[in-house]
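Have a look at the structure below, then the notes.
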Amino acid sequence: MAALPTISDLAPRLRRKEVSPVEITCDCLNAIARLNPSLNAFITVMADSALEEARSAEAQIARSEWRGPLHGIPIALKDLIDTAGVRTTAASNLYIDRVPRRDAEVVRRLRAAGAVIIGKNNLHECAYGGSSLIGYFGDVHNPRDPDRIAGGSSGGSAAAVVAGMGCAAIGTDTAGSVREPAALCGCVGLKPTYGRVSIRGVIPLSTSLDHIGPLARSVTDAAIVLQAIAGYDAGDITSPNVPVPDYADALRDDARNLRVGVPRDYFFDDLDREVAAAVDAALDTIGSLVAEITEIRLDVPTDRTLQAAEAFAYHAEDVAQRSHLLFPETVRRIRHGEDVTAAEYIARRRELDQARRDIATAFADADLFVTPTIPLPAPAIAELKADPEALRPAELKLLHNTRPFNVWGLPAISIPCGSSRDGLPIGLQIAGPHWREDLVLRLAFAYEQARR
């Protein structure tokens, strides 16, 4: 789809001054100008500041002040991540004039790594949906087939990466909002362990479940971006002080000692036939790469009360006083948490903590879990819009396999594992123990190399 090289290809060339950050940034801006009118992946294009940052990176590299593999690399941001002096809208008329004074912590870290911030990606309004069909700036379209959804809520971020409008993007994931659009559009989407990446400066949906992670064109690129944004943030109460490993080293480790568990109950329910065939073929490949692959059973949490309560708590005042600035369907979803009592919330929060503790025991017999990312290829936009009442059930089906890993807080990645007869991407999900993104990346990289 995209002619843009990967970050891992560009970084050494940038360091050797064989290619210019300005040249790469211009390529991305040209792609945005050419493709964004049809894909609607960007809300705000930061062309002037991006070129200024690219020129600064070029001068620094010329002085041998290379900061690492993201130096001079254009990165896009989901438009609920704060950027100082640049509006952050959450794709809502409610925030149309919201201009933060400070960068989110994740943006600060990207800038420190030398990344060029190229713009703000479109999304599902307030991140409360998996289709990116509800939002003030219009629908996001899938770059593989513009008549199909790009997924959500980080739909614009996935579309931008696949279409070559940026080398990578940063999304948020509350129930699958990085992995689902990555699977639908055909790129890599990584949700780290809960707390691994600071959520400070990001408009929340559910603070107990929100994660931040990269969307990229390869597993290596996802590892490079995660390395830059991961780590303890004293200003974020959800961020524990846990050491960050060298993710690039993890890619070089052998996968042959890994034990893979396949939880067929729940995660393989009601799969599209082509998805089932692609995932079974992927499992055959993985079986040749690892020590063993066995079927396991997991007790899967399905209650959504906590997300509903936290979303309502954040948006309650706006819903009460400015609901006309939100889409009616967004208001309906937010109000779903209106009647959750304090006692219910406390009980659900205790259940979440218990589930995150209990899931550790499931890794006694497996180092990693492998499932389909989503149960079907990207639906048609017209089909979902024809019956508005069916939109939310359709989104919940798309997020069926991703949401449990947000509840557990486990690191999980979606990587491409094939296509349907119509050329629509199919995703494979790999999940690991808390703080073991290195294991997840190791198997994902081994599979990616074997598939190539």
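The values are calculated or read from the model by the stated rules, or taken from the named source; none is laboratory data. Note that this is a predicted model, so its numbers are computed, not measured. Here Cβ is always computed from backbone atoms with ideal geometry, including for glycine, and neighbour counts include all displayed protein chains.
If the condition is being surrounded by fewer than 22 Cβ atoms within 10 Å (Cβ to Cβ), under 22 Å from residue 91 (Cα atoms), of a type in the set (Gly, Ala, Ser) and in contact with a helix residue (DSSP H, G or I) (Cβ under 8 Å, 6 or more places away or on another chain), then region 1-59 contributes only 47. Remark: pairs (first residue in region 59-74, touching a residue at least 12 places away in the same chain (Cβ under 8 Å) and at positive phi; second residue in a helix (DSSP H, G or I) and not acidic (Asp, Glu); Cβ separation under 6 Å; 6+ apart in sequence or on different chains) = 72/14; 72/21; 72/57.
If you go through region 249-282 and keep only what is closer than 30 Å to residue 76 by Cα and surrounded by fewer than 15 Cβ atoms within 10 Å (Cβ to Cβ), you end up with 249, 252.
Report yes if residue 36 is under 21 Å from the mean Cα position of the chain (by Cα) and either modelled with pLDDT of 95 or more or not in a loop (DSSP other than H, G, I, E, B) (or both), otherwise no. Spelling it out, residue 36 is indeed under 21 Å from the mean Cα position of the chain (by Cα) and either modelled with pLDDT of 95 or more or not in a loop (DSSP other than H, G, I, E, B) (or both). If you go through region 91-108 one residue at a time, do you hit one that is of a type outside the set (Phe, Trp, Tyr), surrounded by 24 or more Cβ atoms within 10 Å (Cβ to Cβ) and under 13 Å from residue 42 (Cα atoms)? Yes, region 91-108 has at least one match. Checking each residue in region 20-48 for being more than 25 Å from residue 153 (Cβ to Cβ) and in contact (Cβ under 8 Å) with a residue 24 or more places away in the chain picks out 20, 21, 22, 24, 25, 26, 27. For region 386-396, state whether one or more residues are touching a residue at least 40 places away in the same chain (Cβ under 8 Å), crowded, with 23+ Cβ neighbours inside 10 Å and among the basic types (Lys, Arg). No, the conditions are met nowhere in region 386-396.
All of 202, 140 fail the test of being in contact with a helix residue (DSSP H, G or I) (Cβ under 6 Å, 6 or more places away or on another chain) and farther than 20 Å from residue 24 by Cβ, apart from 140. The residues of region 1-33 that are out of contact with any strand residue (DSSP E or B) (no Cβ under 9 Å at 6 or more places or on another chain), in a helix (DSSP H, G or I) and not β-branched (Val, Ile, Thr), listed by number, are 8, 9, 10, 11, 12, 13, 14, 15, 23, 26, 30, 31.
For beta carbons closer than 9 Å, sequence separation of 6+ or different chains, a first residue in region 269-288 that is in contact (Cβ under 8 Å) with a residue 40 or more places away in the chain and of a type outside the set (D, E, K, R) and a second that is surrounded by fewer than 13 Cβ atoms within 10 Å (Cβ to Cβ) and assigned to a helix (DSSP H, G or I), there are no qualifying pairs.
Looking only at residues in region 409-439 that are crowded, with 24+ Cβ neighbours inside 10 Å and more than 15 Å from the chain's Cα centre (by Cα), the one that is farthest from residue 184 (Cα to Cα) is 432.
Given the structure, is residue 446 surrounded by fewer than 20 Cβ atoms within 10 Å (Cβ to Cβ), under 22 Å from residue 186 (Cβ atoms), at pLDDT 95 or above and of a type in the set (A, V, I, L, M)? Taking the combined requirement at face value, the residue does not satisfy it. Filtered by the rule that a residue be surrounded by fewer than 23 Cβ atoms within 10 Å (Cβ to Cβ) and either of a type in the set (Gly, Ala, Ser) or in a loop (DSSP other than H, G, I, E, B) (or both), region 211-227 gives a lone residue, 218. Which residues, counting only those in region 323-347, are within 26 Å of the chain's Cα centre (by Cα), outside any helix (DSSP H, G or I) and either within 17 Å of residue 92 (Cα to Cα) or among the acidic types (Asp, Glu) (or both)? Matches in region 323-347: 326, 327. Examine region 138-146 for a residue that is assigned to a loop (DSSP other than H, G, I, E, B) and polar (S, T, N, Q), and state whether such a residue exists. Within region 138-146, not a single residue is assigned to a loop (DSSP other than H, G, I, E, B) and polar (S, T, N, Q). Every listed requirement among (1) part of a loop (DSSP other than H, G, I, E, B); (2) touching a residue at least 60 places away in the same chain (Cβ under 8 Å); (3) out of contact with any helix residue (DSSP H, G or I) (no Cβ under 6 Å at 6 or more places or on another chain) is met by residue 90 save one, (3). Hey, does region 248-256 have a residue that's more than 17 Å from residue 442 (Cβ to Cβ), modelled with pLDDT of 95 or more, out of contact with any Cys (no Cβ under 6 Å at 6 or more places or on another chain) and not in a helix (DSSP H, G or I)? The answer is no; no qualifying residue exists.
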